[in-house]
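As structure tokens, the structure follows; a few thoughts come after it.
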Amino acid sequence: MEGITIEGTPKTPTINFDIATGHLEIKGRSIPENSIEFYKPIVELLDRYAAKPQANTNVKIQLEYFNTSSSKCILDIFKKLEAIHKAGNATIINWHYEQDDEDMLEAGEDYQAIIAVPFKMIEEAD
Amino acid sequence: MVDIYDFYDKMERNNIMLSFKGDITAELLTSILQIMESKLDTMQEQPKTKKKVYNVLVECLQNLYHHMDEIPRSLNGISITTGTGENIRSAIFMIGKMDNEYNIVTGNYILSKNVEVLQTRLDEINKLSKEELKDYYKAVLNNGQMSAKGGGGLGMIDIARKTGQKLKYNFMPIDDMYSFFSLNIKITPQ
């Protein structure tokens with residue numbers, strides 16, 4: 001099983017998932033018209049990873065913008081992580097947001113309320 | 001021939017930053033967003049205002065992209081000559097800034113038989129308080145299904161949440177089959 005690296009574009013984020021270390025990073029902006037298609041490879045890989053995860057899965061989400069279509073796919077990813085966490089593997093979601101970006105902080109809190117995985121809200125200074 | 005000065009004058013008086021009429025394609029959407037992003041940078045808006053405007057703009061434009069109904073070439077005495085094929089997609093979009101307030105206006109055709117469903121949805125959203133909108137968003141996010149068009153039914157809720165204002169809309173009947181739906185979104189920087 002191999003990890004995944006997707007280069008960012010003006011409409012889609014950079015994604016790095018190193019399955020050997022359990023590090024998943026999603027960074028940039030996520031505003032594609034068709035987000036299901038974009039997120040499909042990472043959701044599928046997480047499914048396979050969940051069968052034999054690392055002792056620690058560390059997730060970093062650092063999004064500048066995301067549209068509502070992406071928000072459902074991000075939830076799908078978090079649900080896979082929730083399953084990994086429930087199976088007894090340490091999992092943490094680090095939700096980064098820029099200073100004063102209350103909308104992005106609130107978006108993180110929405111997920112935190114839905115998903116039973118420890119969240120850490122991290123404010124980035126300008 | 002159109003009176004171009006009349007057009008210009010109206011746009012100037014309303015401080016229109018960008019307007020477009022025609023089919024909203026994925027490529028066009030990318031271009032509009034790039035133009036608006038550089039305009040917002042030039043205006044030296046606060047980062048959080050810039051982000052809010054940009055986010056709401058994305059939802060408004062993607063709503064048009066996913067949901068505008070095709071119309072026949074001849075409608076309401078207008079014969080549309082752009083595009084190809086028997087049916088065409090056409091919408092209008094404008095963004096302006098007046099008295100420190102951003103205005104986004106969109107207009108698109110909708111099948112009249114779908115008006116009631118959309119109107120009910122918008123009225124439901126407009127009834128909700130800030131906290132209720134947050135709960136409703138989470139409920140739709142968690143339980144809602146993704147539609148075939150790729151929308152998740154979250155767009156309008158998200159716009160209402162981010163702007164903190166009621167969705168101002170209008171449906172104008174065009175003929176026995178089609179209506180024109182317009183949406184006026186205001187964003188007031190805090």
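Quick look at the values:
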item	result
HN-Hα J in Hz across the stretch A:10-18 - Karplus 6.51, -1.76, 1.60, θ = phi - 60°, x for Gly and Pro	x, 10, 10, x, 7, 10, 10, 10, 9
Size of charge dipole - the stretch B:4-187 - debye, nearest 20, with Cβ of Lys, Arg +1 and Asp, Glu -1, no other charges	580 debye
Restraint check, A:LYS11/B:LYS186; A:LYS80/B:LYS52; B:LYS127/B:LYS186; B:LYS134/B:LYS162; A:LYS72/B:LYS186; A:LYS72/B:LYS97, Cα-Cα greater than 21 Å	A:LYS11/B:LYS186; A:LYS80/B:LYS52; A:LYS72/B:LYS186; A:LYS72/B:LYS97
Cα-based Rg of the protein assembly as shown normalised by 2.2 N^0.38 Å, two decimals	1.08
Contact order normalised by residue count of chain A, Cα under 8 Å, 6+ apart, percent	21 percent
In Hz, Karplus ³J(HN,Hα) per residue of the stretch B:181-190 (6.51, -1.76, 1.60; θ = phi - 60°; x = Gly, Pro)	9, 10, 10, 10, 10, 10, 10, 9, x, 8
Within the stretch A:9-36, backbone nitrogen closer than 19 Å to the virtual label 7 Å beyond the Cα of B:ALA26 toward Cβ	A:9-15, A:29-36
Inter-label distance, nm, simple model (7 Å from Cα along the C-beta direction), B:GLU70/B:ARG13	3.9 nm
Additional length obtainable on full extension of the chain from B:ASP176 to B:MET98, 0.36 nm per residue less Cα span	24.4 nm
Neighbour cut-off at most 13 other Cβ (10 Å), DSSP loop, GluC sites (Glu not before Pro), the stretch A:1-53	A:GLU2, A:GLU7
Efficiency of FRET from Cβ geometry, A:ALA51 and B:VAL115, R₀ 45 Å, rounded to 0.05	0.40
A:ILE6 paired with A:LYS40, simple spin-label distance in nm, labels 7 Å along Cα-to-beta-carbon	1.1 nm
Options B:HIS67, A:TYR111, A:ASN16, ranked by Cα towards positive dipole end of the protein assembly as shown, top entry (Cβ charges)	A:TYR111
Within 10 Å of each Cβ in B:157-164, the average number of Cβ atoms from other chains	2
Residue mean of other protein chain beta carbons inside 10 Å, A:102-109	3
Listed residue pairs exceeding 29 Å between alpha carbons, taken from A:LYS79/B:LYS51; A:LYS27/A:LYS52; A:LYS120/B:LYS166	A:LYS120/B:LYS166
Square roots of 5 times each gyration tensor eigenvalue, C-alpha, the stretch A:4-124, largest first, Å	21, 17, 13
³J(HN,Hα), Karplus 6.51/-1.76/1.60, whole Hz, each residue of the stretch A:75-91, x for Gly, Pro	5, 4, 4, 5, 5, 5, 5, 4, 5, 5, 5, 5, 6, x, 9, 4, 9
Charge sum, other residues only, whose C-beta stays under 10 Å from A:ILE61's C-beta, Lys/Arg counted +1 and Asp/Glu -1	+1
Packing-based order for B:33-40, B:116-123, A:75-82, using average beta carbon neighbours within 10 Å, highest first	A:75-82, B:33-40, B:116-123
Amide H contacts under 5 Å for A:HIS23, placed H, 5+ residues apart	A:ASP18, A:ASN58
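Read-outs throughout are calculated quantities, based only on the coordinates presented, and are distinct from any laboratory measurement. Computed from a prediction, not measured in an experiment: that's the story for all the values here. Cβ atoms come from the backbone with ideal geometry, glycine included; neighbour counts cover every protein chain shown.
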